[in-house]
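Contents: one structure, followed by commentary.
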Amino acid sequence: MRSPKILVFAGSIRTASFNARLAALAAKELALLNVDVTRISLLDYPLPLFHGDLEAEQGAPANAVKLKRMFGVHHGVFIASPEYNASITPLLKNTLDWISRVREAAEPPLTAYRQRVFALGAASNGTHGGYRSLMALRQVLELGCGALVLPEQIAVTEAATAFDEMDNLREERHAQKLRSVLGQLVESARHYA
Ligand SMILES: Cc1cc2nc3c(=O)[nH]c(=O)nc-3n(C[C@H](O)[C@H](O)[C@H](O)COP(=O)(O)O)c2cc1C
């Protein structure tokens with residue numbers, strides 16, 4: 001069986017993003033599991049706000065096609081999702097929406113979301129760790145895009161103090177949960193490798 005390839009990114013491009021830190025830590029932990037990890041920043045894939053007329057006139061932007069193909073060459077995807085007003089960030093929703101619209105040649109719709117597995121995490125500086133963002137993201141991916149999303153997820157509470165100076169999670173319960181989520185992601189992704 002081939003080693004699975006895992007894609008990791010955060011739904012925030014803020015310089016000191018907690019979720020970018022969570023994504024970076026996830027990538028580090030995945031590397032320790034001996035899988036092939038790609039970590040990207042959405043900063044490198046700017047997209048216009050989705051607009052039906054824009055799509056009709058110009059088709060999907062090049063960065064949406066790149067991201068769709070990026071999903072396509074990975075067997076598992078870990079998304080670290082910030083919480084905005086009990087939901088996901090406009091950046092993440094816009095990105096997922098554009099990717100959902102890319103259809104190359106005669107392929108069926110939503111191929112970026114099929115034949116791979118997703119795992120979710122969130123970090124927020126509150127007591128619930130952005131879990132409402134995870135519920136919203138799960139809805140978008142599962143119901144909207146037909147993706148397989150693992151039930152286990154990580155919500156990092158009190159994110160401002162949750163990471164130590166090495167960017168590891170201070171609390172063992174958080175560290176263990178992250179390892180558990182990632183372990184399941186890798187095992188599930190093996191089925192698609
Ligand atoms: C418009 C807006 C709405 C927010 N709503 C929530 C919220 O509902 N729950 C929450 O825990 N944090 C909320 N926050 C705080 C974010 O979780 C915080 O800005 C966090 O740092 C964003 O993630 P990042 O660090 O990865 O950029 C909100 C922030 C913004 C800008």
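Please verify whether segment 72-86 includes one or more residues that are more than 16 Å from the ligand (Cβ to nearest atom), open to solvent by less than 40 Å² (accessible area, probe 1.4 Å) and hydrophobic (A, V, I, L, M, F, W, C).
Yes, some residue in segment 72-86 is more than 16 Å from the ligand (Cβ to nearest atom), open to solvent by less than 40 Å² (accessible area, probe 1.4 Å) and hydrophobic (A, V, I, L, M, F, W, C).
What do you reckon, is Ala193 within 18 Å of Ala10 (Cα to Cα) and either within 16 Å of the ligand (Cβ to nearest atom) or modelled with pLDDT of 95 or more (or both)?
Considered against the rule, which asks whether it is within 18 Å of Ala10 (Cα to Cα) and either within 16 Å of the ligand (Cβ to nearest atom) or modelled with pLDDT of 95 or more (or both), Ala193 comes out as no.
Give the number of residues within segment 116-132 that are near the ligand (Cβ under 7 Å from one of its atoms) and among the small types (Gly, Ala, Ser).
Result for segment 116-132: 4.
Is it the case that some residue within segment 163-181 is among the polar types (S, T, N, Q) and buried (at least 18 other Cβ atoms within 10 Å of the Cβ)?
Taking every residue of segment 163-181 in turn, none turns out to be among the polar types (S, T, N, Q) and buried (at least 18 other Cβ atoms within 10 Å of the Cβ).
Could you check segment 6-32 and list, in sequence order, the residues that are away from the ligand (no atom under 16 Å from the Cβ) and either surrounded by 18 or more Cβ atoms within 10 Å (Cβ to Cβ) or modelled with pLDDT under 95 (or both)?
Ile6, Leu7, Glu29, Leu30
Among the residues of segment 121-136, count how many are in a helix (DSSP H, G or I) and either touching a helix residue (DSSP H, G or I) at 6+ places or on another chain (Cβ under 7 Å) or charged (D, E, K, R) (or both).
The number of residues fulfilling the criteria is 1.
So Phe50 clears everything in (1) among the aromatic types (Phe, Trp, Tyr); (2) open to solvent by less than 60 Å² (accessible area, probe 1.4 Å); (3) more than 30 Å from Leu169 (Cβ to Cβ) except one condition, right? Which one?
Among (1) among the aromatic types (Phe, Trp, Tyr); (2) open to solvent by less than 60 Å² (accessible area, probe 1.4 Å); (3) more than 30 Å from Leu169 (Cβ to Cβ), the lone unmet condition for Phe50 is (2).
From the set of residues in segment 140-185 that are touching a residue at least 60 places away in the same chain (Cβ under 8 Å) and of a type in the set (D, E, K, R), which is farthest from the ligand (Cβ to nearest atom)?
Here the residue is Arg179.
Among the residues of segment 33-56, which ones are in contact with a strand residue (DSSP E or B) (Cβ under 7 Å, 6 or more places away or on another chain), more than 16 Å from the ligand (Cβ to nearest atom) and not polar (S, T, N, Q)?
Across segment 33-56, the qualifying residues are Val35, Asp36, Val37.
The values are calculated or read from the model by the stated rules, or taken from the named source; none is laboratory data. The structure presented is a predicted model; accordingly, all values stated were derived computationally and were not measured. Virtual Cβ from ideal backbone geometry, glycine too; neighbours counted across all protein chains shown. For the accessible areas, the whole protein counts, side chains as well, though only heavy atoms, and no ligand, DNA or RNA atoms are used. Shrake-Rupley method; radii C 1.70, N 1.55, O 1.52, S 1.80 Å.
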